[in-house]
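Participant: Sharing a structure with you now.
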Amino acid sequence: MSAPGIVVAGLRKRYGSALALDGMSFTVRPGVVTGLIGPNGAGKSTTMRVILGLDSVDEGTALIGGKPYRSLRCPLNHVGSLLDASALHTGRSGRDHLLWLAHSQGLDARRVMQVIEQVGLASAARRKAGGYSLGMRQRLGIAAALLGDPPVIMLDEPFNGMDPDGIVWMRGLLRSLAAQGRAVLVSSHLMSEVQDTADHLVVVGRGKAIADAGVADLIAAASGNRVTVRTTAGTHAMRVLAHAGATGAAGRDTITVSGLPADRVAALLNEGAVPFSEISAHRATLEDVYLDLTREAVEFRATSTEVTR
């Protein structure tokens, strides 16, 4: 299917003296899972609320398929969203919750059982939602987001409360939605899940996008031209490599070398008769990327990680 995307342009918003959004701009393209990550207070949730017409802004626009959310007729047919898994009537069954939503949008009631099956809640569909676990509520919220078969999907922290099986299911669901041509925006604090799921990443800090690139590109840039060497002769190895213009840092039985490719490092160590057991190109994690990019944008930071007894 061909899908519209989301275009966020120059969003600015103040809450009193606090600047929540300071020119937030990015695009969520069809066929791509876009991860939205950043520290607490960076503007992620505010941006998602603005896209969905729940908050207004002082400047800028947020458009879905070229239109503001509030202008969409039967909006569940255009965009499905999950911002808060607890935002439901706890006295209704999961099935009745979805039937109410379907009726409000003019959707066929048969669609309700389709999405219930899709998210794996068939056995609990007639139970009151108030008795659902957090993971089950997440699944119910995702069923609601899928109800109108929309081309745009927005999920805020969808991995919260999921057990390992649920996390694997969620990864597959997000990838399959993008593979169908939908534009998928996912906010998450779980770097490992974003790295395994997202194709593109928008890193936000202090109300603006501070990085907007492919996940693979960001990781490659953070990895740099660094090589890890496992050796018991770290001092000797560093001396040999320094003569060739490399810099590095020594750890226990390893050194991390910058400035030379792996094959050149191996050749120099062999020429210098330096013993080593392994040489590998350094690969940064998404957590490394995130911590580096947001170092100056963290609002709440502990002064020490030291544990006293």
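The values are calculated or read from the model by the stated rules, or taken from the named source; none is laboratory data. Keep in mind that this is a model prediction, so the values were computed, not measured. Backbone-built Cβ (ideal geometry, glycine too); neighbour counts: all protein chains shown.
Participant: Right, ARG92: of a type in the set (Lys, Arg) and either closer than 19 Å to VAL119 by Cβ or not assigned by TED's automatic domain parsing to the domain that holds VAL186 (or both) or not?
Facilitator: On the way: of a type in the set (Lys, Arg): yes; either closer than 19 Å to VAL119 by Cβ or not assigned by TED's automatic domain parsing to the domain that holds VAL186 (or both): yes.
It is true that ARG92 is of a type in the set (Lys, Arg) and either closer than 19 Å to VAL119 by Cβ or not assigned by TED's automatic domain parsing to the domain that holds VAL186 (or both).
Participant: Would you call THR90 surrounded by fewer than 18 Cβ atoms within 10 Å (Cβ to Cβ), in a loop (DSSP other than H, G, I, E, B) and among the β-branched types (Val, Ile, Thr)?
Facilitator: When the stated conditions are applied, THR90 passes them.
Participant: How many residues does segment 223-234 hold that are under 12 Å from PHE276 (Cα atoms) and part of a loop (DSSP other than H, G, I, E, B)?
Facilitator: Residues that pass the stated criteria total 3.
Participant: Just checking, which of ALA85, ALA109, ALA125 is in contact with a helix residue (DSSP H, G or I) (Cβ under 7 Å, 6 or more places away or on another chain) and under 21 Å from LEU177 (Cβ atoms)?
Facilitator: Exactly one of ALA85, ALA109, ALA125 is in contact with a helix residue (DSSP H, G or I) (Cβ under 7 Å, 6 or more places away or on another chain) and under 21 Å from LEU177 (Cβ atoms), namely ALA85.
Participant: Something else now. Here are some residues: ALA220, ALA237. Which one is assigned to a helix (DSSP H, G or I) and crowded, with 20+ Cβ neighbours inside 10 Å?
Facilitator: Details: ALA220 fails: crowded, with 20+ Cβ neighbours inside 10 Å.
Testing whether each residue is assigned to a helix (DSSP H, G or I) and crowded, with 20+ Cβ neighbours inside 10 Å leaves just ALA237.
Participant: I'd like the residue in segment 148-180 that is aliphatic (A, V, I, L, M) and outside any helix (DSSP H, G or I) and, out of all such residues, is surrounded by the fewest Cβ atoms within 10 Å (Cβ to Cβ).
Facilitator: The residue in question is MET162.
Participant: Only one of VAL194, VAL204 is of a type in the set (Val, Ile, Thr), crowded, with 21+ Cβ neighbours inside 10 Å and not in a helix (DSSP H, G or I). Can you tell me which?
Facilitator: From the options VAL194, VAL204, the qualifying one is VAL204.
Participant: Moving to a separate point now. Does GLY5 satisfy the condition of being within 19 Å of ALA145 (Cα to Cα), touching a His at 6+ places or on another chain (Cβ under 7 Å) and crowded, with 16+ Cβ neighbours inside 10 Å?
Facilitator: When the stated conditions are applied, GLY5 does not pass them.
Participant: Yes or no: segment 132-143 includes at least one residue that is touching a residue at least 60 places away in the same chain (Cβ under 8 Å) and surrounded by 22 or more Cβ atoms within 10 Å (Cβ to Cβ).
Facilitator: There is at least one residue in segment 132-143 that is touching a residue at least 60 places away in the same chain (Cβ under 8 Å) and surrounded by 22 or more Cβ atoms within 10 Å (Cβ to Cβ).
Participant: Right, another one. Which condition breaks for THR254 when tested against (1) without any contact (Cβ under 8 Å) to a residue 60 or more places away in the chain; (2) farther than 23 Å from ASP288 by Cβ?
Facilitator: (2)
Participant: If I ask for residues that are in a helix (DSSP H, G or I), of a type in the set (Gly, Ala, Ser) and surrounded by fewer than 18 Cβ atoms within 10 Å (Cβ to Cβ), which ones from segment 107-131 would you list?
Facilitator: ALA122, SER123, GLY130, GLY131 - these are the residues of segment 107-131 that are in a helix (DSSP H, G or I), of a type in the set (Gly, Ala, Ser) and surrounded by fewer than 18 Cβ atoms within 10 Å (Cβ to Cβ).
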